[in-house]
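Input: a single structure, listed below in structure tokens.
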Amino acid sequence: MELDSALTTPRTPPRNLFPLTWVSLSGNLILAYQSLGVVYGDLSTSPLYVYTSTLIGNLEDHQNEEAIFGACSLIFWTLTLIPLCKYVFILLAADDNGEGGTFALYSLLCRHANFSLLPNQQASDEELSAYRYGPSTHSNVSLLKRFLEKQKRPRTGLLIVVLFGASMVIGDGVLTSAIAVMSSLPGLQYSGKKLTKGALLLLACVILISLFALQHIGTHKVAFMFAPIVMLWLISIFCVGLYNIIHWNPKVVSAIYPYYIIKFFRETGRDGWISLGGILLSITGTEAMYADLGHFTAVSIRLAFVFAIYPCLVVQYMGQAAFLSRNLHSIPNSFFESIPDPIFWPIFVVATLSAVVGSQATITATFSVIKQCQALGCFPRVKIVHTSKHIYGQIYIPEINWMLMILTLSITIGFQDTTLIGNAYGLATATLMFITTFLVVLVITFVWQKSIWISGMFLLFFGIIEGAYLSAALMKVPQGGWVPLVLSFIFMMIMYIWHYGMRLKYNFDMHNKVPLQWLLGLGPSLGIVRVPGIGLIYTELATGIPAIFSHFVTNLPAFHKVLVFICVKSVPVPYVSSDERFVVGRVCPRPYRMYRCIVRYGYKDIQRDDGDFENQLIQSLAEFIHMEAGEPEFCSSEGPFDGKMMVTRSSSIQSGSTIIATEIEDCSESSSVQSSKSSALLSLRSVYDDENPPVRKQHIRFHLPANRIMDSAIQEELMDLIVAKEAGFAYIMGHSYVKARRSSSCFKKFVIDVGYTFLRKNCRGPSVDLNIPHINLIEVGMIYYV
């Protein structure tokens, strides 16, 4: 690998890689095939329990052919209007640079309108290419936008809605696994020796544990493992459904006419309306089509649904309705009893495997949502394992995985009934779809900049449909529907408490910044000894000098010759190009050798521990020094910071006009250990472990070009930077403790002193999250009274 490409080549994520052309159709077909095992497992296994959940209970007095045809008509039009029309044709177009989900919609709104409450969100974001959009062309939209931007309460309400939607996705991940596995096992009762209820429960628990134990291998391997199962399942249910239509009652095809829906409600009345909670289960898993968009492409997901999922499900539901219209006594176990005897056991095996696969979609979506929440400061730091070196977005979160497993086992053991679990699952699905519709209306208005009338028609049409399902699901809160509400409330409280504590901490830093005049009064030496090396001071502030810096200056006898204030910043875009990642500026005049660097990551970006960050930082600082000298072609922007802030682009680094990088073999001690020997300050903290042998690795060394004439002051500053880099890096972070003031209310004291403190102590430390080497880490304790 050439050095320039190793240092500067942007890692462009595979977002919507394949536009729909004949050349790329094969690529989309492969992704469509893989999506069967990840996205559509849950949706395709819904025939296992829909008719049973719908027709048992309130409709026990209305079990006749007309009611079954009405239920079939409701299922057909629900599949057509919501998954097909809303998600496939509309919602998949509302992607955030190829990413989907609740937070993708929220990030679109935060960029196109100032709706964000997240701290440190607005600094220097306008330079991102993903932020470029035109002004609103509708005066009503502009007035509404300005009103919402000025009012804090609507923006707070929007964040709460988004967090509640994200919490519902997590609840879906728990309930999907439970109902999918539990609904696939009743077929065992057809064996010669019937299993007891306890044995079925034990088998379900074993299957669930095995499912969650497989997650660590990654989405890519799981997709190739599960996709053939779902493909075989779709072929099976299509053939069985077609057989049942022809053999039992071909008239069921007429159920597509909406007349049967009207007749259904006319005969069943209030009982029919409550049974909509069972009909809703036919579209569970639909949200995964949008939430898992980042793993595939919109075209591949559309191809899979239109040509495989939709026709197979429609034929299967019609086939079950045809069978039940002639066998009303089979309603309690409609799916398995509708299977012809000669092929019962093969389909039972496929059904059980498919039920396990059905859980994968929501588990994958849960991992994606947790990472997005964490990146935007709304979830405690957890370990995120990237299971693929080539495909972005394929992640595994061990803590969340085992937590989901424990909750799923608790639900399975606690309820032991698919009807009760179905009630809970239906409410979670209806709530999440309604929240998505609300956010899409805002996207249509503020992002797509359509007329309020168009967004109003969208809200009215889909809001009425989903509102009817939501109202029916709410009626079943006492019969298991309370589970997703409790789970969502718990997770939403965790998210909001963490976000609230982080926001108060950030506000404290903003109001306690070190005055620049005080620092300038100390002179270039800062009143202490400046030793060789580079000190990276991590702070959440994009402007000003953090309070922890005054602790160093007043309490330590020495400090590094080059100081860089690092602000790692998550922005509301899925990915930030390497060309736009670093924004560099000065904190003090040139003799101080103090800089500021804002490092921007999207909520889907991977912060790799590949040792390349320091080299990119040095190149960015060198480019900034060169750009600041007055060459206009390099100047990018000026921001409201301590001085001029510039975006250093990889294209300018590749030219090698500022400094030259050479690659050498370094088989001695690591550069971090060498830096500790050359830095008087780091020797206080760094200790070399003789038990760990030296590791051979590539070392990058910088030097000035010999044939380039430059100003002596610039040359001196670049040489100081190169010498400091060879001396090594130190990483300085604040070890903060957040406490509520004595004058705070009892509620605030409980939230901060108990809730936030508990979350902070039990999550990953910021140094671990940022992949900072512990051997070069210096932490300063601080107490924040908020």
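The values are calculated or read from the model by the stated rules, or taken from the named source; none is laboratory data. Keep in mind the model is a prediction, meaning the values are calculated, not measured. Cβ atoms come from the backbone with ideal geometry, glycine included; neighbour counts cover every protein chain shown. Heads up: the accessible areas ignore ligands, DNA and RNA and are worked out on the full protein's heavy atoms, side chains in. Shrake-Rupley method; radii C 1.70, N 1.55, O 1.52, S 1.80 Å.
List of remarks:
- Any chance Gly278 is touching a Ser or Thr at 6+ places or on another chain (Cβ under 7 Å) and closer than 21 Å to Ser334 by Cα: yes
- Close Cβ contacts (under 8 Å, 6 or more residues apart or on different chains) running from residues in segment 307-332 that are in contact (Cβ under 8 Å) with a residue 24 or more places away in the chain and β-branched (Val, Ile, Thr) to residues that are open to solvent by 10 Å² or more (accessible area, probe 1.4 Å) and part of a helix (DSSP H, G or I) comprise Val314/Phe76; Val315/Phe238; Val315/Leu242; Val315/Ile245; Ile331/Thr52.
- Any hit, segment 557-565, residues being under 23 Å from Ala622 (Cβ atoms), out of contact with any Gly (no Cβ under 8 Å at 6 or more places or on another chain), modelled with pLDDT of 80 or more and surrounded by 19 or more Cβ atoms within 10 Å (Cβ to Cβ): yes
- Residue within segment 472-484 that is among the charged types (D, E, K, R), surrounded by 15 or more Cβ atoms within 10 Å (Cβ to Cβ), closer than 30 Å to Leu280 by Cα and in contact (Cβ under 8 Å) with a residue 40 or more places away in the chain present: yes
- Selection status of Gln449, outside any helix (DSSP H, G or I), open to solvent by 20 Å² or more (accessible area, probe 1.4 Å) and either out of contact with any helix residue (DSSP H, G or I) (no Cβ under 8 Å at 6 or more places or on another chain) or at positive phi (or both): yes
- Scanning segment 423-437 for residues that are closer than 10 Å to Gly277 by Cα and of a type in the set (Gly, Ala, Ser) yields Ala424, Gly426, Ala430.
- Flag: Glu60 does not match the condition of being at pLDDT 80 or above, open to solvent by 10 Å² or more (accessible area, probe 1.4 Å) and among the charged types (D, E, K, R).
- Trp248 satisfies every condition listed in (1) open to solvent by less than 20 Å² (accessible area, probe 1.4 Å); (2) modelled with pLDDT of 85 or more; (3) closer than 30 Å to Phe69 by Cβ; (4) in contact with a Gly (Cβ under 9 Å, 6 or more places away or on another chain) except (1).
- Unmet criterion (only one of (1) at pLDDT below 85; (2) in contact with a Cys (Cβ under 9 Å, 6 or more places away or on another chain); (3) surrounded by 22 or more Cβ atoms within 10 Å (Cβ to Cβ)) for Met495: (1)
- Of all residues in segment 761-786, those satisfying the criterion of being open to solvent by 60 Å² or more (accessible area, probe 1.4 Å) and over 23 Å from Glu399 (Cβ atoms) are Glu779, Ile783, Tyr785.
- So Gly533, is it modelled with pLDDT of 85 or more, touching a His at 6+ places or on another chain (Cβ under 8 Å) and open to solvent by less than 30 Å² (accessible area, probe 1.4 Å): yes
- If the condition is being in contact with a Leu (Cβ under 6 Å, 6 or more places away or on another chain) and within 27 Å of Asp271 (Cβ to Cβ), then segment 480-493 contributes Gly480, Gly481, Pro484.
- Filter result for the condition that a residue is closer than 26 Å to Leu759 by Cα, of a type outside the set (Asp, Glu) and modelled with pLDDT of 90 or more, over Ile406, Ile413: Ile406
- Restricting segment 296-331 to residues that are among the β-branched types (Val, Ile, Thr) and open to solvent by 10 Å² or more (accessible area, probe 1.4 Å), the residue that is nearest to the chain's Cα centre (by Cα) is Val299.
- Residue match in segment 391-402 (condition: surrounded by fewer than 22 Cβ atoms within 10 Å (Cβ to Cβ), under 27 Å from Lys197 (Cβ atoms) and modelled with pLDDT of 80 or more): yes
- Take the conditions (1) touching a Lys or Arg at 6+ places or on another chain (Cβ under 7 Å); (2) open to solvent by 20 Å² or more (accessible area, probe 1.4 Å); (3) at pLDDT below 80; Gly98 misses just one of them, which is (2).
- All conditions in (1) modelled with pLDDT under 85; (2) assigned to a helix (DSSP H, G or I) hold for Thr12, with the sole exception of (2).
- Residue within segment 263-270 that is closer than 22 Å to Thr176 by Cα, in a helix (DSSP H, G or I) and open to solvent by less than 50 Å² (accessible area, probe 1.4 Å) present: no
- Residue under evaluation Asp579, criteria (1) in a loop (DSSP other than H, G, I, E, B); (2) open to solvent by 10 Å² or more (accessible area, probe 1.4 Å); (3) of a type outside the set (A, V, I, L, M), criterion not met: (1)
- Segment 600-629: number of residues that are assigned to a loop (DSSP other than H, G, I, E, B), among the small types (Gly, Ala, Ser) and at pLDDT 65 or above: 1
- Residues that are over 22 Å from Ile283 (Cα atoms), in contact (Cβ under 8 Å) with a residue 12 or more places away in the chain and of a type in the set (A, V, I, L, M) within segment 447-471 comprise Val447, Ile452, listed in sequence order.
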